[in-house]
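The values are calculated or read from the model by the stated rules, or taken from the named source; none is laboratory data. These figures come from a predicted structure and were not determined experimentally. No Cβ is skipped: glycine too gets one built from the backbone with ideal geometry, and neighbour counts run over all protein chains shown.
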């Protein structure tokens, strides 16, 4: 059974002359351990697909199923718990808390879920080190560059026992070295059984995916398996992120 299923999912904003069909009749399934890349031009519905998959928005029609449970049957509190425990989300605007340091931003979801502070800190530092940010762990978000904030957000998304990773342009603001570190971390999560959906314009990242889904005007217009490449499915540096 797929860990994430989207069945005929549509999202409409507005009504009448201002009505916008963001996505229409989207079918998508992602197995445990699989990396699915979503590509398409701006305005094709990629970000809307992610927010609905992560229960941050309700679809206008259709059904989203995570680990066998339909989101429509879950209470608001259950969905919040699902997002905190199961879903790691990387937003385009990072959504870091300004009053917390980098490592505190990474460990907050773990501590909210009852993980001991020392264990959470150890996991957070391991993730930051993997992304070359160990020396910036005690800095606040406004003391970090855009690329550093992006890597902190990615570290936060992958630590703990997350089972679904949803990332919106995770390598968009990064240079090639840091972009590769991000790719390695995403693949490390997949090697440990995480189902991942990554919206990207980065052909190199998409080439590492098990499947690439192409959107246009809110609809899936094609799906393809990338051909093997020299970088394809390279082994991650770290076999464990203290999951």
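Report yes if residue 159 is touching a helix residue (DSSP H, G or I) at 6+ places or on another chain (Cβ under 7 Å), modelled with pLDDT under 95 and crowded, with 20+ Cβ neighbours inside 10 Å, otherwise no. The answer is yes for residue 159. At pLDDT below 90, in contact with a helix residue (DSSP H, G or I) (Cβ under 7 Å, 6 or more places away or on another chain) and either farther than 17 Å from residue 96 by Cβ or crowded, with 17+ Cβ neighbours inside 10 Å (or both): is that true of residue 144 in this structure? When the stated conditions are applied, residue 144 does not pass them.
Restricting 155, 188, 127, 123 to those that are under 21 Å from residue 3 (Cα atoms), in a helix (DSSP H, G or I) and out of contact with any strand residue (DSSP E or B) (no Cβ under 9 Å at 6 or more places or on another chain) reduces the list to 188.
Only a single item in (1) assigned to a helix (DSSP H, G or I); (2) surrounded by fewer than 22 Cβ atoms within 10 Å (Cβ to Cβ) is not met by residue 50, and it is number (2). The number of residues in the stretch 31-42 being surrounded by fewer than 23 Cβ atoms within 10 Å (Cβ to Cβ), farther than 13 Å from residue 214 by Cβ and touching a residue at least 24 places away in the same chain (Cβ under 8 Å) comes to 4. Here residue 213 meets the list (1) part of a helix (DSSP H, G or I); (2) at pLDDT 90 or above; (3) buried (at least 18 other Cβ atoms within 10 Å of the Cβ); (4) over 14 Å from the mean Cα position of the chain (by Cα) almost entirely, failing just condition (1). Could you list all residues from the stretch 58-95 that are surrounded by 13 or more Cβ atoms within 10 Å (Cβ to Cβ), at negative phi, within 15 Å of the chain's Cα centre (by Cα) and in a loop (DSSP other than H, G, I, E, B)? If the condition is that a residue be surrounded by 13 or more Cβ atoms within 10 Å (Cβ to Cβ), at negative phi, within 15 Å of the chain's Cα centre (by Cα) and in a loop (DSSP other than H, G, I, E, B), then 86, 91, 92 are the ones that fit.
Filtering 182, 198 for residues that are touching a strand residue (DSSP E or B) at 6+ places or on another chain (Cβ under 8 Å) and touching a residue at least 24 places away in the same chain (Cβ under 8 Å) leaves a single hit, 198. Restricting 174, 187, 166 to residues that are more than 22 Å from residue 83 (Cα to Cα) and either surrounded by 18 or more Cβ atoms within 10 Å (Cβ to Cβ) or in contact with a helix residue (DSSP H, G or I) (Cβ under 6 Å, 6 or more places away or on another chain) (or both) narrows the list to 174.
Applying the criterion of being modelled with pLDDT of 95 or more and outside any helix (DSSP H, G or I) to the residues of the stretch 99-115, the residue that is surrounded by the most Cβ atoms within 10 Å (Cβ to Cβ) is 101.
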